[in-house]
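Reviewing the structure listed below.
The values are calculated or read from the model by the stated rules, or taken from the named source; none is laboratory data. The shown structure was predicted, so the numbers you read here are calculated from the model rather than taken from an experiment. When we count neighbours, we look across all protein chains shown, and the Cβ atoms used for this are built from the backbone with ideal geometry, even at glycine. In case anyone asks, the SASA skips ligands and DNA or RNA and just uses the protein heavy atoms, side chains included. Shrake-Rupley method; radii C 1.70, N 1.55, O 1.52, S 1.80 Å.
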Amino acid sequence: MASTKITVNNNGSLKIDGNFEIVDKEGNVYGLGGRTLVSLCRCGLSENKPFCDGAHKGHFEHEAKAFDLPSRK
């Protein structure tokens with residue numbers, strides 16, 4: 001089992017659970033205050049990007065169903 005699990009939630013965020021770090025485009029690390037579970041925004045409505053603040057409720061629809069990506073070309 002992986003040390004980090006990412007769950008794609010229906011109509012909402014990406015939940016990241018485990019041992020991880022999140023960095024910006026320049027490689028600067030976000031301070032997570034010791035958290036081992038965070039949710040990242042997928043809808044673009046959060047006032048706390050890249051983290052989810054629940055702003056998606058009623059404004060974002062996606063049913064998360066796993067599938068296989070095609071082989072790389």
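Here are some notes:
- Phi to ³J(HN,Hα) by Karplus 6.51 cos²θ - 1.76 cosθ + 1.60 over the range 42-59, Hz, x for Gly, Pro: 10, 8, x, 9, 5, 7, 10, 4, x, 8, 6, 10, x, 5, 5, 3, x, 10
- Extension gain from GLU21 to ASP53, taking 0.36 nm per residue of separation minus the Cα-Cα distance: 9.6 nm
- Rolling a 1.4 Å probe across all protein chains gives ASP53 an accessible area of roughly 70 Å².
- Residues whose placed amide H lies under 5 Å from that of ILE22, excluding near-sequence neighbours: TYR30
- Distant-in-sequence amide contacts of PHE51, defined by a placed amide H-H separation under 5 Å and a gap of 5 or more residues or a different chain, comprise CYS41.
- Computed with a 1.4 Å probe on the full set of protein chains, the accessible area for THR7 sits at about 40 Å².
- ³J(HN,Hα), Karplus 6.51/-1.76/1.60, whole Hz, each residue of the range 62-71, x for Gly, Pro: 7, 8, 7, 10, 5, 8, 8, 6, x, 4
- Loop-located chymotrypsin sites (Phe, Trp or Tyr not before Pro) across the chain with a Cβ neighbour count of 14 or fewer within 10 Å are TYR30, PHE67, with loop assigned by DSSP.
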